[in-house]
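The values are calculated or read from the model by the stated rules, or taken from the named source; none is laboratory data. Just so we're clear, the structure is a prediction, and the values are computed from it rather than from any experiment. Neighbour counts are summed over all protein chains in view; Cβ atoms, including those assigned to glycine, are modelled from backbone coordinates with ideal geometry. The accessibility values were calculated without ligands, DNA or RNA, using every heavy atom of the protein model including side chains. Shrake-Rupley method; radii C 1.70, N 1.55, O 1.52, S 1.80 Å.
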Amino acid sequence: MAFVTKEKFLSKDWFITYAYIVLGSFLFAMGDVLFVNPYKLAPGGVYGIGNFLYHTFGFKISVSVLFMEVPLLILGTIVLGPRFGIKTLISTFLIMGFAYMFETYWWGYEAFLPNDPMLNALVAGIIYGIAIGVIFKSRATSGGSDIISMILNKFTRISLGKLVIMVDGSITLLTLFMPGENGIDWTLPIYSWIVIFIEGKIIDMVIDGLKVNKTLFIVSEKHEEIQEKLLYHIKRGGTMFSAMGMYEGVERKVIYTTITRRESTILLNHIAKIDPKAFVNVIDSSQIHGEGFKAIEPESGH
């Protein structure tokens, strides 16, 4: 671990980083105990397993998670190396501590939104998404099933993203085996999948914001006129390079630029007037760093 100076320890970035961790951990525990657990949902992760064990055997969620998280962190460190920093450890144990607090002082595990499972699933997904999003912004993780996915990723050719979906999707199916009056209840995994879907969208919004920029690749014989519109009307830069067409083997100029959504609409209108036959590939770009966009932020708060 890198040596932490007193100045860095007391810096504004340090306080912001750990405020994110505390806030995210608090919200995650609240979302699980007050929204997810009362409806017998299990939207992935070790807390999904903890909810299953609570409703099946009566084990406290925080205690069940403790007996899963610690071995996973140890196994992850052995298999993957020491990639789980102090922030991940703090986040992991803070979530468990807050979960224990809610379990102990929120009477009877009552739902915060009783008698409305769909509204509950929507709100739970939003809370989970905000919680994990702010934890990710601190450059920590919440551990849990992500460690399982990373270990499987090391020994298989399956992408990490697919493994996370497979692991969490499998955990949601545990809800089918929760005790109930009417036997198997398929609404439980469905509501759990709704929570996971909303959670993923909110995480992206928290990390990247609502603003989505556009990256354009423009191929046109009238590239000079388009370049002029880009530089002097929209007042944005770009890169022009030569490329060889595969079909005719003709060399053409390609304009590469990244601009805002509004600027993209204006530029496309100009292109339509200048060269209706132009080829334009427009790509959503959520993370753009550099001059005119978001600055590259160094990691802080170790």
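Points to keep in mind about this one:
- Unmet requirement for Glu221, which otherwise passes all of (1) over 19 Å from Ala121 (Cα atoms); (2) within 31 Å of the chain's Cα centre (by Cα): (2)
- From the options Ile151, Ile132, residue that is at pLDDT 85 or above and farther than 15 Å from Lys40 by Cα: Ile132
- Qualifying residue in region 179-197 (condition: at pLDDT below 85, surrounded by 15 or more Cβ atoms within 10 Å (Cβ to Cβ) and among the small types (Gly, Ala, Ser)): no
- The set of residues from region 53-91 being touching an Asp or Glu at 6+ places or on another chain (Cβ under 7 Å) and of a type in the set (S, T, N, Q) comprises just one member, Ser62.
- Hits in region 254-271 - residues which are over 22 Å from Gly209 (Cβ atoms), within 32 Å of the chain's Cα centre (by Cα), hydrophobic (A, V, I, L, M, F, W, C) and in a strand (DSSP E or B): Ile255
- Options Gly97, Gly85, Gly44; residue that is small (Gly, Ala, Ser) and open to solvent by less than 20 Å² (accessible area, probe 1.4 Å): Gly44
- Among (1) part of a helix (DSSP H, G or I); (2) surrounded by fewer than 22 Cβ atoms within 10 Å (Cβ to Cβ); (3) modelled with pLDDT of 90 or more, the one test that Phe59 misses: (1)
- Of all the residues in region 7-29, those that are of a type in the set (A, V, I, L, M) and either without any contact (Cβ under 8 Å) to a residue 12 or more places away in the chain or buried (at least 22 other Cβ atoms within 10 Å of the Cβ) (or both) number 5.
- Checking each residue in region 220-253 for being at pLDDT 90 or above, buried (at least 17 other Cβ atoms within 10 Å of the Cβ) and either in a helix (DSSP H, G or I) or hydrophobic (A, V, I, L, M, F, W, C) (or both) picks out His223, Ile226, Gln227, Lys229, Leu230.
- Residue in region 148-155 that is under 17 Å from Gly50 (Cβ atoms) and surrounded by 17 or more Cβ atoms within 10 Å (Cβ to Cβ) present: yes
- Single residue of region 136-190 satisfying the filter (within 19 Å of the chain's Cα centre (by Cα) and acidic (Asp, Glu)) that is nearest to Thr77 (Cα to Cα): Asp146
- Candidates Val134, Val167, Val212, filtered to the one that is in contact with a Lys or Arg (Cβ under 7 Å, 6 or more places away or on another chain) and either in contact (Cβ under 8 Å) with a residue 40 or more places away in the chain or on the phi > 0 side of the Ramachandran plot (or both): Val212
- In this entry, Ala272 is excluded by the filter for residues that are touching a residue at least 24 places away in the same chain (Cβ under 8 Å), open to solvent by less than 90 Å² (accessible area, probe 1.4 Å) and of a type in the set (Gly, Ala, Ser).
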